[in-house]
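The values are calculated or read from the model by the stated rules, or taken from the named source; none is laboratory data. Since the structure is predicted, the reported quantities are computational estimates derived from the model, not experimental observations. Neighbour counts are summed over all protein chains in view; Cβ atoms, including those assigned to glycine, are modelled from backbone coordinates with ideal geometry. Accessible surface areas use protein heavy atoms only, side chains included; no ligands, DNA or RNA. Shrake-Rupley method; radii C 1.70, N 1.55, O 1.52, S 1.80 Å.
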Amino acid sequence: TEVEIASVTDDSINVASNPSLAACNVGIGIASNGLLITFDTDATHIADEIGVKNVVLQEKTWYGWKDIPVSNYCTYNSFFYSGDIVYTLATKGTTYRVKCTHYAKFGSTELTLDNTSSELKYN
């Protein structure tokens, strides 16, 4: 019996015929010098641009959440974006969370997913 083995290319790992966002996560933790914020955005196809935007660190106050704007982050021609930042102005005893929009651009199509981390009290 003969078996033909095809070589593996980047295109062969596509799991869907149409591009979509896959695993998208935002996390918050404590680093030695502040709050560690992590982002992971994954797509099923190579995106022209992929990353996070509308990133906001939120500080819990007695009247609700105070927004602290953070920059947008992305990479190009990739299946994924992964990154982290440290917010060094965190106040001990204060609760924080992070909100963002994961996105991937495929030509003129942009796919998005809004996400919010769990709350974390900074000690």
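Things worth noting here:
- Proximal lysines relative to Lys105, as straight alpha-carbon distance under 20 Å, when same-chain residues fewer than 8 apart are discounted: Lys53
- Simple label model, 7 Å out from Cα along Cβ direction - Asp84 to Trp62, nm: 3.5 nm
- Residues of the chain: accessible area per residue with a 1.4 Å probe, Å²: 61 Å²
- Only protein heavy atoms count here; under a 1.4 Å probe, Asp84 has an accessible surface of about 100 Å².
- Accessible-area composition of the chain, carbon plus sulfur, in percent [1.4 Å probe]: 49 percent
- Sites matching trypsin sites (Lys or Arg not before Pro) across the stretch 47-120 that sit in DSSP coil, with at most 15 neighbouring C-beta atoms within 10 Å: Lys92
- Once each of the GluC sites (Glu not before Pro) sitting in a DSSP loop with at most 16 other beta-carbon atoms within 10 Å is removed, the chain keeps 5-118 as its longest stretch.
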